[in-house]
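Engineer: Just dropping this structure here.
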């Protein structure tokens with residue numbers, strides 16, 4: 001059960017019987033060549049408390065057929081939502097999260113279909129939410145450090161640092177990595193409210209989501225820095241075939257600036 005709006009910090013001690021502990025939303029658009037079906041099969045055969053909500057965002061290749069085959073192999077653990085038109089990742093994630101919340105899980109999140117973040121990271125991120133009841137969001141963070149395996153091109157790394165700096169300033173948070181496609185949330189009212197409205201951004205919707213959460217936390221007089229947690233991934237491998245192009249980066253940066261302006265206006269109105 002999702003927490004009531006007047007009780008944003010409440011949590012469920014355990015999931016309702018026959019309901020999943022975690023539902024992961026997987027947005028997919030023309031992922032025929034990047035879907036690692038074997039990895040999903042292996043994960044589902046060894047992990048019993050995670051279900052998947054795939055959203056095929058108007059793919060024109062064999063993505064929907066592959067996902068349907070996966071669903072038939074795991075009918076109780078996988079749902080596939082197929083959109084006739086390509087609406088973009090932001091809309092696909094929102095659509096999937098709303099559907100996932102309707103299944104009353106304890107946790108909900110979204111994950112990149114190419115598994116650049118391996119599914120093995122789901123467990124540690126879930127454990128953080130179990131062990132830290134005041135944390136609402138766990139954000140995968142691609143920190144290259146000793147003991148980790150984080151493979152990313154230099155161009156993407158340094159452009160990502162520029163983007164992250166702009167996002168941190170716009171949000172007023174010391175966040176290192178907003179764009180990693182591995183995020184897990186506690187299924188409570190503020191998370192549900194953060195997904196209520198369609199996103200106004202395309203490439204920076206992760207930043208917009210965080211901005212919405214920051215504004216909601218302030219409404220409840222909560223400190224968002226105590227409720228957001230960046231988890232340094234042990235493994236992250238850059239996969240070829242990304243839909244993000246070089247020319248999209250300036251657009252994304254402008255979206256971040258817009259998000260920051262909108263957040264400050266909203267915070268001023270709520271004072």
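Any read-out appearing in this document is the output of simple, stated calculations on the displayed coordinates, not a laboratory observation. Since this is a predicted model, take the numbers as computed values, not measurements. A quick note on method: Cβ atoms are made from the backbone with ideal geometry, for glycine too, and the neighbour counts reach across all protein chains shown.
Engineer: So if we plug the beta-carbon distance of residue 151 and residue 84 into 1/(1 + (r/R0)^6) with R0 = 51 Å, what FRET efficiency do we get, rounded to 0.05?
Structural biologist: 0.90
Engineer: Another one. Please give the contour-minus-distance gain from residue 169 to residue 248: 0.36 nm per residue of separation, less the Cα-Cα distance, rounded to one decimal in nm.
Structural biologist: 26.4 nm
Engineer: Pop a pseudo-label 7 angstrom from the Cα along the beta-carbon direction at both residue 46 and residue 104 and give the gap in nm to one decimal.
Structural biologist: Here the answer is 3.2 nm between the modelled labels.
Engineer: If we sort 75-83, 152-160, 250-258 on the protection proxy, mean other Cβ atoms within 10 Å, highest first, what's the order?
Structural biologist: Put in order of decreasing packing, that is 250-258, 75-83, 152-160.
Engineer: So how do 89-95, 166-172 stack up, highest first, on mean other-Cβ count within 10 Å?
Structural biologist: The densest-packed peptide leads the list: 89-95, 166-172.
Engineer: So what are the range 70-215's ellipsoid semi-axes, whole angstrom, largest first, if each one is the square root of 5 times an eigenvalue of the alpha-carbon gyration tensor?
Structural biologist: 24, 19, 18
Engineer: Select one label from [x] 12.3; [y] 16.6; [z] 13.8: the one whose number is mean projected area of the Cα convex hull in nm² as derived from the coordinates shown.
Structural biologist: Checking each listed value against the structure points to [z].
Engineer: So, one more: For the chain, what does -39500 (n - 2.57) per DSSP helix run (n ≥ 4), summed and divided by total residues, give at 222 nm, in deg cm²/dmol to the nearest 500?
Structural biologist: Taking each H run of at least 4 residues, the total per residue is -12500 deg cm²/dmol.
Engineer: While we're on this one: So, by mean Cβ neighbours within 10 angstrom, what's the order for 97-108, 114-125 with the highest one leading?
Structural biologist: Per-residue mean Cβ counts within 10 Å order the peptides as 97-108, 114-125.
Engineer: So how far apart, in nm, are the two label points at residue 269 and residue 161 if each is 7 Å from Cα heading toward Cβ?
Structural biologist: For residue 269 paired with residue 161, the spin-label model returns 3.7 nm.
Engineer: I would also like to ask the following. Full extension from residue 238 to residue 134: what is 0.36 nm times the residue separation minus their Cα-Cα distance, to one decimal in nm?
Structural biologist: That works out to 34.3 nm of additional length.
Engineer: I've got another one for you. Antiparallel as a % of all DSSP beta bridges within the range 116-271, to the nearest 5?
Structural biologist: 25
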